[in-house]
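Trainee: Please see the structure below; I have some questions.
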Amino acid sequence: MKADVTLADLPLRPELVGEEPYGAPQLDVPVRLNVNENPFPPSPHVRQEMADAVVATACEVNRYPDREAWALRQALAAYLGHGVTPEMVWAANGSNEVMVHVLSAFGGPGRSVLSFTPTYSMYPEYARNTHTTYLTAPRRPDHTLDAALVMDAIAEHDPTVVVITTPNNPTGTPTPLDVIGDVLAGTDAIVVVDEAYQEFSHDPDATSLTLLPEHGNLVVSRTMSKAFAFAGGRLGYLAANPAIVDALRIVRLPYHLSAQTQALALVALANAGEMLGQVDVLRRVRDEALFRLPAMGVEVVPSDANFCLFGRFADRHDVWQRLLDRGVLVRETGPAGYLRVSAGTPEEMERFYAALAEVLAEGAPREKGES
Ligand SMILES: Cc1ncc(COP(=O)(O)O)c(C=O)c1O
């Protein structure tokens, strides 16, 4: 083959032709409120512990890391509580990779995964990459789910994997535990409850972890990227029956979690109180947005996560651009007309409100209708 090949010359899988790499714009602007990160960096003492831990791994960097990430799984089990043991925990490079493991083991050709839209935009990509058919059913107009809606969709599609995201991204909508319990009672599909934003919810203890003892097909997915302020560390994890974890151990690449990732995550978990110390602040920032935005004349969708949808703009891209022109990056995602703003520091939020007030004063035609 010639040396100056382009993508068009390569034998790319047909379903990937024309696809773009996924990702929100990574722009270097003063106020970044677009990917639901925790805006507070770790304290100097946690930073030092992390640096020391990485130096310690360097002494043995000639060796492969612990393939089973056992110490980390022990620490994650202790953090989760609710009777979760290390055998029930699986971890990978972000919950993105955890979900790819789940679909590699339980999806695949001739099988499907079902989710409820609008929801997290990476799910179709996990499905595509694992040759799993991606199916969706719409949420109710207020973005909630009930057991009948979920069970009807399961009956219609017969998926091997069902994903329920609570609080949901991008709407922030929680799904009550009794709905999830009813779904689990009615299906043998693998039910993944994606609790990426659980720590921000009004009642973090109302978690599907409490349903694990009764349901062998339940997977509770979590991440350290959000409340835990560890997005750069790339650590996602899940809790499930040990048999499910055994299935994931078959499909993972050997040594998938580097020694440095494991060491850094262990430091973060050892300092859980501090890493999670700003969650209350971020909850208050979120709750404030839920009344401040309507006071400015825009609609918001009630949220239990560290972000909320606001709108509805006749031209949301124009509003997104004009906020960006003022140094504020939000996310253009979700149902038509909405933008999503993550809970930033109180100072960042003041800059966001000031920028939005200017944009609205200039004129930003709104759409009317149900959210
Ligand atoms: C619902 C949901 N699940 C999972 C993730 C992935 O998180 P990570 O791969 O950083 O662990 C995100 C990130 O935005 C999310 O919104």
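Trainee: Under 5 Å between amide hydrogens, which residues at least 5 positions from T223 or on another chain qualify, with H placed 1.01 Å from N in the peptide plane?
Mentor: Under 5 Å from the amide H of T223 lie the amide H atoms of Y237, each far enough along the sequence or on another chain.
Trainee: Expressed as a rounded percentage, what relative contact order does the chain have, with Cα pairs under 8 Å and six or more residues apart?
Mentor: Relative contact order of the chain: 22 percent.
Trainee: Can I ask one more? Using a Förster distance of 56 Å, how high is the FRET efficiency between L16 and V281, based on the Cβ-Cβ distance and rounded to 0.05?
Mentor: 0.85
Trainee: Oh, and also: For L7 and N93, what is the calculated FRET efficiency with R₀ set at 25 Å and r taken between the beta-carbons, to the nearest 0.05?
Mentor: E(calc), rounded to 0.05, equals 0.50.
Trainee: While we're on this one: Build a GNM of the chain with springs between Cα atoms under 10 Å: which of R286, R13, R252 gets the top mean-square fluctuation?
Mentor: R13
Trainee: Put +1 on the Cβ of every Lys and Arg and -1 on every Asp and Glu Cβ in the chain; which of Y126, P30, G181 then has its Cα farthest towards the positive end of the dipole?
Mentor: My answer, from the dipole projection, is P30.
Trainee: Return the sequence-ordered ³J(HN,Hα) values of region 96-108 in whole Hz as given by the Karplus equation 6.51 cos²θ - 1.76 cosθ + 1.60 applied to θ = phi - 60°, using x for Gly and Pro.
Mentor: 4, 6, 4, 5, 5, 4, 4, 6, 5, 7, 10, x, x
Trainee: Two decimals, Cα atoms only, Kirkwood Rh: what is Rg/Rh over region 1-128?
Mentor: Looking at region 1-128, the ratio lands at 1.03.
Trainee: Something else now. Where both partners of a DSSP beta bridge lie in region 44-274, what percent of those bridges are antiparallel, to the nearest 5?
Mentor: Close to 35 percent.
Trainee: Please give the calculated 222 nm ellipticity per residue for the chain, where each DSSP H segment of at least 4 residues contributes -39500 (n - 2.57) and the sum is spread over every residue; nearest 500 deg cm²/dmol?
Mentor: So the calculated ellipticity at 222 nm is -11500 deg cm²/dmol.
Trainee: Can I ask one more? Measure out, as a whole number of angstrom, how far apart the alpha-carbon centroids of region 227-245 and region 134-212 sit.
Mentor: Using only Cα atoms, the two centres lie 18 Å from each other.
Trainee: How much of the accessible area of the chain, probe 1.4 Å, is carbon plus sulfur, in whole percent?
Mentor: 55 percent
Trainee: Can you pull the Kirkwood radius for region 44-274, inverse mean 1/r over Cα pairs, to one decimal in Å?
Mentor: 18.0 Å
Trainee: Something else now. Going toward the positive end of the dipole of region 44-274, with +1 on Lys and Arg Cβ and -1 on Asp and Glu Cβ, which of M50, I190, H143 do you reach last?
Mentor: Checking the options against the dipole of region 44-274, the answer is M50.
Trainee: Magnitude of the Cβ-charge dipole of the chain, K/R +1 and D/E -1, about the Cα centre, nearest 20 debye?
Mentor: Roughly 520 debye for the chain.
Trainee: Leaving out ligands and nucleic acids, and using a 1.4 Å probe, what accessible area per residue does region 44-274 come to in Å²?
Mentor: Using a 1.4 Å probe on heavy atoms only, each residue of region 44-274 averages 39 Å².
The values are calculated or read from the model by the stated rules, or taken from the named source; none is laboratory data. None of these values were measured; they are calculated from a predicted model. For neighbour counting, all protein chains shown are included, and Cβ atoms are generated from backbone atoms with ideal geometry for every residue, glycine included. Just so you know, the surface numbers come from the protein's heavy atoms only, side chains and all, with ligands and any DNA or RNA stripped out. Shrake-Rupley method; radii C 1.70, N 1.55, O 1.52, S 1.80 Å.
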